[in-house]
Amino acid sequence: MGRPKQFDPDTAVEQAMQVFWSKGYAATTPQDLVDALGIGKGSLYNAFGSKHALFERALQRYRDSQAIALIHVLEQPGSVRERLRGTLLMLAEMDLADPERRGCMAINTVAERGDADPPALDMIKRMFDRTEAAFQALIEEGKRSGEVAPDRDARALGSLLLNTVIGLRLLARTADGPDRLHRVIDAVLDSL
C-alpha cells in the first residue's frame, strides 16, 4: 500500500485562495478544492476541518498579501501624492492585468456573502479599517509637509480613499482599458 500524498498546507491555502477568488465561496465545491490541491477529500477535511475553515484561511492569506503590497507602496520614498498615485495605479494595473478580471477577493466576498458570513465579514472590516488608517496616516503626513491643506479632515479623506479603492477595483472588472480608472485616480488626487 502506497504512502498518502504529502502536501504543504501553506501551498494548499494559496491554491485554495486562487479557487475561491476565481469562483467565489458558494460556487466552489469540495471537488474543486480537491482538484486544485491535488489531495483527497479526507485529507482536505483532516487538514482544514471544513470548506469554510479553508475559506477563512484563504481570505486571511489574501488579506495579508494585499496589505503587504499596499503598505509597501505607501512607504516608498517620495511625495505623499506620488505614493497615493502609485498605490492607486498599482491596484488598477494589477486588476487590469488579471486575465480573469477577478477584482478584489475581499470586495467579492462582501458582495457574495454579505451578513451571511460574520467571520469573513469581520475579517474584511478589519482589512478595510487597516487600509483606511494607512491612508489617513499618509494624509496626516501630507498635512505636515504642506502637500495637503491643513484644514482637510484626514479621517474623511482616508475614508474617501478607501471608497476609491473599492470603486476602482469593481470598475476594473468591466473596464476596457485604463482610461476611466486613470480619470478617477486623477480626480481623487486633484480633490486633495
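The values are calculated or read from the model by the stated rules, or taken from the named source; none is laboratory data. What you are looking at is a predicted structure, and each value in this text was computed from that prediction instead of being measured. Ideal geometry is used to build each Cβ from the backbone, glycine not excepted, and the neighbour counts take in all protein chains shown.
Here are a few things to note about the model shown:
- Matching entry among D176, D115 (being over 24 Å from A67 (Cβ atoms) and among the acidic types (D, E)): D176
- Every condition in (1) on the phi > 0 side of the Ramachandran plot; (2) modelled with pLDDT of 95 or more holds for D32 except the one numbered (1).
- Test: residue in region 83-101 that is touching an Asp or Glu at 6+ places or on another chain (Cβ under 9 Å), among the charged types (D, E, K, R), more than 18 Å from T174 (Cβ to Cβ) and surrounded by fewer than 18 Cβ atoms within 10 Å (Cβ to Cβ): no
- The residues in region 49-63 that are out of contact with any Phe, Trp or Tyr (no Cβ under 9 Å at 6 or more places or on another chain) and under 17 Å from I166 (Cα atoms) can be counted, and the count is 1.
- Condition met for P118 (modelled with pLDDT of 95 or more and closer than 24 Å to G24 by Cβ): yes
- Hey, R130 assigned to a helix (DSSP H, G or I) and within 21 Å of I71 (Cβ to Cβ) or not: yes
- Residue that is farthest from the chain's Cα centre (by Cα), among those in region 10-58 that are surrounded by fewer than 13 Cβ atoms within 10 Å (Cβ to Cβ) and β-branched (V, I, T): T29
- Checking L121 against (1) surrounded by fewer than 18 Cβ atoms within 10 Å (Cβ to Cβ); (2) not in a helix (DSSP H, G or I); (3) not basic (K, R), the condition it does not meet: (2)
- The set of residues in region 133-170 being farther than 19 Å from H72 by Cα, small (G, A, S) and in a helix (DSSP H, G or I) consists of S145, A154, A156, S159, G167.
- Listed here are the helices (runs of 4 or more DSSP H) enclosed by region 35-114 that have at least 3 residues being farther than 22 Å from D8 by Cβ: 51-74, 80-97, 105-113.
- Pairs with Cβ under 8 Å, 6+ apart, first in region 21-48 and without any contact (Cβ under 8 Å) to a residue 60 or more places away in the chain and β-branched (V, I, T), second assigned to a helix (DSSP H, G or I) and exposed (fewer than 12 other Cβ atoms within 10 Å of the Cβ): V34/K41
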